[in-house]
Structure formats: C-alpha cells, structure tokens
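Peer 1: The following block contains the structure, expressed as structure tokens.
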Amino acid sequence: SYEIIIIDNGSSCPYDINDIKENNPNTRDSTMIISTKSPISALIHGIAISRGDTVCAFIDAARIASPNLLKLGIMACESSGNVVSGALSYHIGHEPQNISVKKGYNQSIEDSLIALTRWEKDGYELFDISSYDPSSRFGFYSCPAETNSLFMSKEMWSESGGFDSAFVGPGGGLANLDLWKRVCDNRAYKVIMLLGEGTFHQFHGGITTNSLVDNWVNLHDEYLNIRGEPYSTPSIVPFQLGIPNSRAIAFSIRNK
C-alpha cells in the first residue's frame, strides 16, 4: 500500500539499504551523485520514479514522522480532488535547534533526550521533548510557512510544477517554502493540515537549522532573484483533519 524511496544525492554518511529494507520491504534505493548541495534535483527524481497515486516528499530526511502521518495524509488526498496536505514541523529539544545549538545542543544531548521516551512504541511521546519548528510557530490551527511532509497526488505534483530546480543553494534554499506558498496561494487547491501529526527534526549539522551562522539573507536573496519579490508566508486558513493525541494536545497548551 506504500513505498519508501530513498534518494542519496552524495551524502558523506553512507547507510545500509538492506538494514532499512528489513523493516520496510517495499523500499527502493536510488543513488544520485550531483554537483550541487541542493537536494532539489534528487527530490524531483524521486517523485518522478514513484509508483503511487499519492506522493509525500520529505525535503529533510533527518526527521521522525508521527505514527499516523502517512495514513492521514493519504486519507486527506483521497477525500476529494485537488487536495494538498501536510503536517506541522517540530524540533527535538525544548527550544528550536537554531537557538539551542548556540547554547551547546548537540547529538549527545539529543540522544539522551530521545532515550527518555518510548518513541519506537509510541511516537507521540516525542511531543514531550520537542518544540515548534520556527516555520510552525503560529500554532496548531494556523497555516505554517512550510511543511516537511508534503502530500499531493502524482498528477498534482506535475500540475503544480513541484519543486523548482532553480533553487541550487545549500539545503535547497527556500525551495520548500516556495512550493508550499505556491500551492497554498492557488485557489484551485484545498489545503488540509494533519491535526496532531508532524515530523520531528533530529540534530544532524544541517546548513540552516543546525548552523551557528544565520543563512537567511543568502537564502532569501536567491528567492528574490528567482521570484522577483520578497518571500511572505501563506495567508490562508487551512482545513484540519485528525483527532490529536493527548500528548499533542498537551504540547499545544504548553506552547501557546
């Protein structure tokens, strides 16, 4: 009923595809060696070779998905035509990692935090040790600046133009924000957020989230050159689908 496609576009940290397939037999591996530090070409390739009717793209693989993310995302896309769906994003740690890394947050600290949970049995326990990703800081019932779990039908990925290969900056620049804004601003699409689900960002030394230097100006300059206007967050009020887990509700109350 689902397939996982892993695209390695030149990672310095190899992985064992057979280890992944042990628990996910319908996983396909496709290696791309490309000259840019942007993952956009790899994402476009992965979407193109996917065989499902619905495609969910993770621009950042260093995240743990909540238990019902896949099920609810597919349900949203199958509920009616022209649906774009996504979930909020979270950072493991009690404050966003772009702040905590400047205070010494690292892999060791994060491993200790995760060890306090039983996330493999109940992924919702990650809400106990997490904070909002800055892009989702507006809260549970608002439209985020982006989603790291973007669901659309295969047809809509093509129709919307998908990820723009013009974004060649490290980490893809603002390509993910750009695509999310384009589909949210398109009145022909129905945007559905997956209430109480999400992706939890893990420390991995990323170019934006885990950088000690603020790269926003350079990333935004690339956006300006491509779009010809400053970036602004989507202004729509999305539909909501789902029944939040009690831990997700507690998180929303703590982080009002």
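The values are calculated or read from the model by the stated rules, or taken from the named source; none is laboratory data. Model, not experiment: these values are computed from the prediction. Positions of Cβ are generated from backbone atoms using ideal geometry, with glycine treated the same way; all protein chains shown enter the neighbour counts. Quick note on the areas: whole protein, heavy atoms, side chains included, nothing else; ligands and nucleic acids left out. Shrake-Rupley method; radii C 1.70, N 1.55, O 1.52, S 1.80 Å.
Peer 1: What lysines could a cross-link reach from Lys154, if we take a straight Cα to Cα line under 30 Å and drop same-chain neighbours fewer than 8 places away?
Peer 2: Hits, sequence-local ones excluded: Lys21, Lys37, Lys71, Lys181, Lys190.
Peer 1: Now a separate question. Could you tell me which trypsin sites (Lys or Arg not before Pro) in segment 158-207 are loop residues by DSSP with no more than 16 other beta carbons within 10 angstrom of their beta carbon?
Peer 2: Arg187
Peer 1: Related question: Assign unit charges at the C-beta atoms only (+1 for Lys and Arg, -1 for Asp and Glu), then state the dipole size of the chain relative to its Cα centre in Debye, rounded to the nearest 20.
Peer 2: That gives the chain a dipole magnitude of about 520 debye.
Peer 1: Using the heavy atoms of the protein chains alone and a 1.4 angstrom probe, what is the accessible area of the chain per residue in square angstrom?
Peer 2: Normalised by residue count, the accessible surface of the chain is 50 Å².
Peer 1: For segment 180-204 and segment 72-134, what is the centre-to-centre distance using only Cα atoms, to the nearest Å?
Peer 2: Each part reduced to its Cα centre gives a spacing of 14 Å.
Peer 1: Ignoring any ligand, DNA or RNA, what whole percent of the accessible area of segment 2-154 comes from carbon and sulfur when the probe is 1.4 angstrom?
Peer 2: Within segment 2-154, the accessible surface is 52 percent carbon and sulfur.
Peer 1: While we're on this one: Which entry in (1) 33, 23, 16; (2) 24, 22, 21; (3) 33, 28, 23 is this structure's computed semi-axes √(5λ) of the Cα gyration tensor in Å?
Peer 2: Computed from these coordinates, semi-axes √(5λ) of the Cα gyration tensor in Å corresponds to label (2).
Peer 1: Same structure again: Can you show me the helix-derived [θ] at 222 nm for the chain, built from DSSP H runs with n ≥ 4 at -39,500 (n - 2.57) apiece and divided by the number of residues, rounded to the nearest 500.
Peer 2: Calculated mean residue ellipticity at 222 nm is -9000 deg cm²/dmol.
Peer 1: If you don't mind, another one. Under 8 Å for C-alpha pairs, at least 6 residues apart: give me the relative contact order for the chain, rounded to a whole percent.
Peer 2: Once divided by the residue count of the chain, the mean separation gives 26 percent.
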